[in-house]
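Notes for the one structure printed next.
The values are calculated or read from the model by the stated rules, or taken from the named source; none is laboratory data. Keep in mind it's a predicted model, so treat the numbers as computed, not measured. When we count neighbours, we look across all protein chains shown, and the Cβ atoms used for this are built from the backbone with ideal geometry, even at glycine.
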Amino acid sequence: MKEPIYVTRPFLPPLEELQPYLERIWANRQLTNGGPFHQEFEQALCDYLGVEYISLFTNGTLALVTALQALRITGDVITTPYSFVATSHSLLWNGIRPVFVDIDPETLNLDPDKIEAAITPQTTAILPVHVYGRPCDTQRIQSIADIYGLKVIYDAAHAFGVEDEGGSILRHGDVSILSFHGTKVFTTFEGGAVISPDAKTKKRIDYLKNFGFADEVTVVAPGINGKMNEFQAALGLLQLNHVDTALKERAELDRQYREALADIPGIRYLTLPDCSRRNYAYFVIMVDPEYPISRDELYTRLRQNNIFARRYFYPLISNFPMYRALPSANKSNLPIASASADRVLCLPIYPGLDKSALESTVDVIRGGRSVLLHGIRA
Ligand SMILES: *Cc1c(COP(=O)(O)O)cnc(C)c1O
């Protein structure tokens, strides 16, 4: 059996590079609670991403849950069904009702043209996702938010390092959140962050992630424990030394896929996102009806060849049991998201993926017709 090819593999620096970081932790015995690595990583990340105020978290979901708390979001929040479940779950954890709005067929992000029709007096915020690291139409979303007095919270879990003409896309909205989970382009095993626009917001988020402690004897809010520990922060610092190399490798793989898949009828890939710095977090194809076999048959065929492509994002969040009774979860409200979820396939892309693995993936996809003929004969 060939080595399995996964959709993603974490990029890990040489193990010996970790040793000095561990020695420092062992020597100073500070394991968490804003220790030296935490402080150093927070600053290094601000410098790398080009933002001023970052609060580190133990994972991206707690970052999102806490950001919604910090902004005192209540009532209804407009969001996309085409994302990882944590996006909507963070609303339910705050007693907020998600209102699903359809996506744009080109970007697969929340469609700004459809937001206004979903706004009611109960609406307090918009929670868009920069899906696959493709920037949302931040200008249009902000102008709608300004007219209706809504907050904007960006789930930027996929968007590490992405920039538009003005700089980091994390500067948009009232806050943005990142995830450093093992499957993301930049990882601290588990981890996350909230990016705030000002010191005041960061301070409140820092209280909330540490039980609400403002100082040793003062608790100002019913906070949670969302702190990033020293080991995670050390990993983050180490990863920052290598992230540019990792992103470069992803860019090259993305280029190779585009070239190799260009002329396969029924296979369509997304255009490169229109922004000044990309992170190539995912390589996304759409299996259109012209393709000889269905998306799920192709998915299975790849698995039979030990290639573990993933159907991100299928099923839609709105189809899960805790959401499907919502009026906005109705398929007729979400035609583009539903069609995209039925067609999408994310192909293996990660630093260290070798050229032959990419070529075998392309070969299986190219073989779609012969697979069908074989199926008929069998
Ligand atoms: C990964 C992810 C999250 C959650 O991040 P964790 O760090 O795994 O908690 C949230 N939203 C999106 C869109 C994600 O992909």
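So which residues in the range 241-259 are surrounded by fewer than 16 Cβ atoms within 10 Å (Cβ to Cβ) and under 18 Å from the mean Cα position of the chain (by Cα)? Talk me through it step by step, then tell me what you get.
As a first pass, look at the range 241-259 and keep what is surrounded by fewer than 16 Cβ atoms within 10 Å (Cβ to Cβ): 241, 244-245, 248, 251-252, 255, 258-259.
Residue satisfying the conditions is ALA251 alone.
Looking at ASP274, ASP288, ASP198, ASP263, can you tell me which residue is at pLDDT 95 or above and outside the structural domain of ASN28 (by TED's automatic domain parsing)?
Result: ASP288 is the single residue among ASP274, ASP288, ASP198, ASP263 that is at pLDDT 95 or above and outside the structural domain of ASN28 (by TED's automatic domain parsing).
Is it fair to say THR188 is touching a Phe, Trp or Tyr at 6+ places or on another chain (Cβ under 6 Å), of a type in the set (S, T, N, Q) and assigned by TED's automatic domain parsing to the domain that holds GLY226?
Working: touching a Phe, Trp or Tyr at 6+ places or on another chain (Cβ under 6 Å): yes; of a type in the set (S, T, N, Q): yes; assigned by TED's automatic domain parsing to the domain that holds GLY226: yes.
So THR188 fits the description; yes.
Quick one: in the range 139-172, of everything that is β-branched (Val, Ile, Thr) and within 16 Å of the chain's Cα centre (by Cα), which residue is farthest from ASP47 (Cα to Cα)? First the steps, then the outcome.
Just the residues of the range 139-172 that are β-branched (Val, Ile, Thr), to begin with: 141, 144, 147, 152-153, 162, 169.
Remaining after also requiring within 16 Å of the chain's Cα centre (by Cα): 153, 162, 169.
Numbers: ILE153: 22, VAL162: 14, ILE169: 14 Å.
In this case the residue turns out to be ILE153.
Restricting attention to the range 1-25, and to residues there that are in contact with a helix residue (DSSP H, G or I) (Cβ under 8 Å, 6 or more places away or on another chain) and not charged (D, E, K, R), which single residue is surrounded by the fewest Cβ atoms within 10 Å (Cβ to Cβ)?
Here the residue is LEU22.
Please give the number of the condition TYR154 fails out of (1) within 13 Å of the ligand (Cβ to nearest atom); (2) part of a loop (DSSP other than H, G, I, E, B); (3) closer than 18 Å to THR87 by Cα.
Answer for TYR154: the failing condition is (2).
Can you tell which of ALA262, ALA214, ALA193 is part of a strand (DSSP E or B) and over 24 Å from the mean Cα position of the chain (by Cα)?
Working: ALA262 fails: part of a strand (DSSP E or B); ALA193 fails: over 24 Å from the mean Cα position of the chain (by Cα).
Result of the check over ALA262, ALA214, ALA193: ALA214.
What residue, among those in the range 95-137 that are over 21 Å from CYS275 (Cβ atoms) and among the acidic types (Asp, Glu), is surrounded by the most Cβ atoms within 10 Å (Cβ to Cβ)?
Across the range 95-137, the extreme among qualifying residues is ASP102.
Examine the range 301-321 for a residue that is without any contact (Cβ under 8 Å) to a residue 40 or more places away in the chain, more than 15 Å from VAL85 (Cα to Cα) and β-branched (Val, Ile, Thr), and state whether such a residue exists.
The answer is no; no qualifying residue exists.
Considering only the range 162-215, state which residues are hydrophobic (A, V, I, L, M, F, W, C), free of Cβ contacts under 8 Å to residues at least 24 places away in the same chain and over 15 Å from LEU62 (Cα atoms). Before you say what the answer is, go through the steps one by one.
As a first pass, look at the range 162-215 and keep what is hydrophobic (A, V, I, L, M, F, W, C): 162, 169-170, 175, 177-178, 180, 185-186, 189, 193-195, 199, 205, 208, 211, 213-214.
Narrowing the set further to residues that are free of Cβ contacts under 8 Å to residues at least 24 places away in the same chain leaves 211, 213-214.
PHE213, ALA214 - these are the residues of the range 162-215 that are hydrophobic (A, V, I, L, M, F, W, C), free of Cβ contacts under 8 Å to residues at least 24 places away in the same chain and over 15 Å from LEU62 (Cα atoms).
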